[in-house]
Amino acid sequence: MIILVGGAPGVGKSIVAYQLARELALLRLIDLDILRDVLRMQSREKDDPILFRNALNAWELHGDFSPKTVLDGFDAHIRPLTGIAFRLVDSYLSTGKSAIFHGAALVPGQMARYHQRGVLSVVLAARSEAAYRNRFIDKHRMRTGRDPAEVRIKAGWILHQNIVAEAEACGLQVVDAESPADAVNALMRRISS
């Protein structure tokens with residue numbers, strides 16, 4: 001069984017993936033954001049500045065803040081990660097290994113290819129901008145002990161809307177549960193059916 005959990009930064013991909021792995025007793029839980037860290041170890045910021053940004057601030061290399069620069073920055077940032085991520089998924093599929101993959105590099109257009117091959121591909125979403133904002137702030141506070149910059153929240157919401165729209169256009173399941181536990185329950189019902 002292969003499960004792909006995608007979505008915008010801060011929407012709860014990691015929490016849902018970890019809880020789902022525990023429910024399914026799957027040992028292989030692959031955080032694709034680690035790929036960026038590995039690539040960073042093999043490069044220098046002056047040679048590849050987009051790699052040393054993250055999904056929420058890569059827009060800064062594309063001009064002033066706008067939906068276009070946020071989306072352009074995100075695309076540039078995840079492009080190398082997406083290729084590696086899906087090659088890894090392919091290797092698991094070809095060997096018959098089970099795993100849950102999660103991370104922003106799982107873009108809906110690519111996920112749809114795997115959905116057609118029987119892979120459970122899901123994009124997590126927030127029910128509203130306020131729900132997204134609350135999740136994002138809570139996650140950021142948990143990690144750093146402080147509130148995120150407003151521009152990061154705005155960038156995240158722009159990415160969220162774009163990713164959800166792309167997922168819906170591709171026919172992927174979008175789970176907009178109130179909490180990570182609700183999302184896991186929804187996915188477990190889907191797996192059992």
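The values are calculated or read from the model by the stated rules, or taken from the named source; none is laboratory data. Note that the structure is a prediction, hence the values are computed from the model and not measured. So basically every Cβ, Gly included, is an ideal-geometry build from the backbone, and we count neighbours across all protein chains shown.
A few comments on the model shown:
- Filtered residues of segment 3-28 (kept if farther than 29 Å from SER128 by Cα and either touching a strand residue (DSSP E or B) at 6+ places or on another chain (Cβ under 7 Å) or in a strand (DSSP E or B) (or both)): LEU26, ARG28
For (1) surrounded by fewer than 19 Cβ atoms within 10 Å (Cβ to Cβ); (2) modelled with pLDDT of 90 or more; (3) farther than 22 Å from PHE136 by Cβ; (4) of a type in the set (Gly, Ala, Ser), each residue gets a yes or a no:
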position	(1), (2), (3), (4)
LEU20	no, yes, no, no
ASP47	yes, yes, yes, no
ASN54	yes, no, no, no
GLY73	no, yes, no, yes
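- Of all residues in segment 48-57, none satisfies being out of contact with any Leu (no Cβ under 9 Å at 6 or more places or on another chain), of a type in the set (A, V, I, L, M), assigned to a loop (DSSP other than H, G, I, E, B) and under 26 Å from ILE158 (Cα atoms).
- Candidates are the residues of segment 29-47 that are in a loop (DSSP other than H, G, I, E, B) and in contact with a helix residue (DSSP H, G or I) (Cβ under 8 Å, 6 or more places away or on another chain); the one that is nearest to ALA155 (Cα to Cα) is LEU32.
- Some residue of segment 80-96 being out of contact with any His (no Cβ under 6 Å at 6 or more places or on another chain), in a loop (DSSP other than H, G, I, E, B) and either surrounded by fewer than 24 Cβ atoms within 10 Å (Cβ to Cβ) or among the aromatic types (Phe, Trp, Tyr) (or both): yes
- Meets criteria (more than 30 Å from GLY96 (Cβ to Cβ) and either surrounded by 12 or more Cβ atoms within 10 Å (Cβ to Cβ) or under 14 Å from the mean Cα position of the chain (by Cα) (or both)) for ALA126: yes
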